[in-house]
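> This is the structure, below, for whatever I ask next.
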Amino acid sequence: RRSSWREQEVAARRQVADLELQVSVRNAQLADVAKQVKEAEGKKTTQQEQLEKVSREAREAKATWQHRVSQEIEEAGAHEHRLLSAESEETTLLERRSTLEERLAGFRGDAAFLEREVADLTRLLQAREADSAA
């Protein structure tokens, strides 16, 4: 019986040693998993930071683009207004030129009429002087 107890004790110690080895292996595996979890969390944090950075840069680029487009629209509106003003001024000047040309044509007509009148009066005067002299 003693040998039987002794064998059981040795077998029990072997089982305890095997279990301790299994616990040690499991602890090492758990430590490895914990390390992997920590690394994954670090990568996740880094990815979140990169995503936030990219999102911020995209928002800033959008705001810059919207501001630039808004300025270009304002400049185009101001340019269009200047063009319309210039066209209106050109129309006014053309109308004024037309009016002045009409007045000039009238003055020329009057001048031609007066030249004919002067010529007629000059002839009449010369005829009277000729009659008086004769």
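> Residue by residue through segment 85-93, which ³J(HN,Hα) values in whole Hz follow from phi under the Karplus form 6.51 cos²θ - 1.76 cosθ + 1.60 (θ = phi - 60°), with glycine and proline marked x?
Karplus values, whole Hz, x for Gly and Pro: 5, 5, 5, 5, 5, 4, 4, 4, 5.
> Tell me the accessible surface of V25 in square angstrom (1.4 angstrom probe, heavy atoms of protein chains only), to the nearest ten.
About 70 Å², ignoring ligands and nucleic acids.
> Sticking with this structure for a sec: Given the options Q71, Q36, Q22, which has the most mean-square fluctuation in a GNM of the chain, springs set between C-alpha atoms less than 10 angstrom apart?
Largest GNM mean-square fluctuation: Q22.
> What whole-number volume per residue, in cubic angstrom, does the convex hull of the C-alpha atoms of the chain give?
Hull volume over Cα atoms, normalised by residue count, gives 90 Å³.
> Give, rounded to the nearest 20 debye, the magnitude of the charge dipole that the chain has about its Cα centre when Lys and Arg contribute +1 at Cβ and Asp and Glu contribute -1 at Cβ.
Computed about the Cα centre, the dipole is about 2280 debye.
> While we're on this one: Output wanted: per-residue J couplings in Hz (rounded whole) for segment 63-77, from phi through Karplus 6.51 cos²θ - 1.76 cosθ + 1.60, θ = phi - 60°, x for Gly and Pro.
For segment 63-77, the Karplus-derived couplings read 4, 4, 4, 4, 5, 5, 5, 4, 5, 5, 5, 4, 5, 5, x Hz, x marking Gly and Pro.
> Taking θ as phi - 60°, what are the ³J(HN,Hα) couplings along segment 52-59 by the Karplus curve (6.51, -1.76, 1.60), each to the nearest whole Hz, with x for Gly and Pro?
Working through the residues one at a time gives 4, 5, 5, 4, 4, 4, 5, 5 Hz.
> OK, next. Which value at 222 nm does the chain reach when only helices count, each DSSP H run of 4 or more adding -39,500 (n - 2.57), with the total divided by all residues and rounded to the nearest 500 deg cm²/dmol?
So the helix-based figure for the chain works out to -38000 deg cm²/dmol.
> Treating only the Cβ atoms of Lys and Arg (+1) and Asp and Glu (-1) as charged, compute the dipole magnitude of segment 30-72 about its Cα centre; round to the nearest 20 debye.
In debye, rounded to 20, segment 30-72 gives about 40.
> Can you give the FRET efficiency to the nearest 0.05 for E52 and E87, using r as the Cβ-Cβ distance and R₀ = 41 Å?
E(calc), rounded to 0.05, equals 0.20.
> Additional query: Note down the nm distance, to one decimal, between modelled labels 7 Å out along Cα→Cβ at E7 and at A63.
The answer from the label model is 8.4 nm.
> A further question follows. State the answer as a single residue: which of G109, T92, H81 lies farthest towards the positive end of the charge dipole of the chain, with beta carbon charges of +1 for Lys and Arg and -1 for Asp and Glu, about the Cα centre.
Going by the charge dipole, the pick is H81.
The values are calculated or read from the model by the stated rules, or taken from the named source; none is laboratory data. Owing to the predicted nature of the structure, the values given are computational and were not obtained by experimental measurement. Here Cβ is always computed from backbone atoms with ideal geometry, including for glycine, and neighbour counts include all displayed protein chains. Heads up: the accessible areas ignore ligands, DNA and RNA and are worked out on the full protein's heavy atoms, side chains in. Shrake-Rupley method; radii C 1.70, N 1.55, O 1.52, S 1.80 Å.
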